[in-house]
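The values are calculated or read from the model by the stated rules, or taken from the named source; none is laboratory data. Owing to the predicted nature of the structure, the values given are computational and were not obtained by experimental measurement. We place every Cβ from the backbone using ideal geometry, glycine too, and count neighbours over all the protein chains shown.
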Amino acid sequence: LYLAQNRQRGNISAEEIATDLGISQDFISKTLQGLVKVGMIQSNRGKMGGFSLARDPESITLLEIVTIIDGNEAFENCVMGLPQCHSDSPCALHSKWQPLREAAQAMLSSTTVAQFEPSKTEVIFDR
């Protein structure tokens, strides 16, 4: 989302992103490299290097980002962490959690990175 919000600036360094967001540069670097590996963002070396979106922001959903970074665990595993919980043998919270899980997936899959560009919304990450 940061890269979409700052798309007009071109390449942005991992250090700058980490500083602006107040998070570890190691963490953001690993996250960015994971997104580079799947072709969502691109990395450019050199004096004017950094990271930028590699795909059309309209084609990148929040669900895709969450899945790349965190995997499917949030949508597949039991909310209570019980390994034996599944639709055939549900835990006590399974029926309550399922609609929330489906709603979250629907919202994330229908929301694209383009919706967070400055022209479409307020700036989330203010420099």
**Fill in**
Within the stretch 48-62, the residues that are in a loop (DSSP other than H, G, I, E, B) and either surrounded by fewer than 17 Cβ atoms within 10 Å (Cβ to Cβ) or more than 14 Å from the chain's Cα centre (by Cα) (or both) are Met48, Gly49, Ala54, Arg55, Asp56
**Item:** Single residue of the stretch 33-47 satisfying the filter (touching a helix residue (DSSP H, G or I) at 6+ places or on another chain (Cβ under 6 Å) and more than 26 Å from Glu102 (Cα to Cα)) that is surrounded by the fewest Cβ atoms within 10 Å (Cβ to Cβ)
**Value:** Ser43
**Prompt:** Quick check, is Phe27 within 21 Å of Ala114 (Cβ to Cβ), modelled with pLDDT of 90 or more, of a type in the set (Phe, Trp, Tyr) and not in a loop (DSSP other than H, G, I, E, B)?
**Reply:** no
**Request:** Kindly establish whether Ala114 is touching a Pro at 6+ places or on another chain (Cβ under 8 Å) and at pLDDT below 95.
**Result:** yes
**Message:** Can you confirm whether Ala92 is among the hydrophobic types (A, V, I, L, M, F, W, C), in a helix (DSSP H, G or I) and either over 20 Å from Asn6 (Cα atoms) or not assigned by TED's automatic domain parsing to the domain that holds Tyr2 (or both)?
**Reply:** no
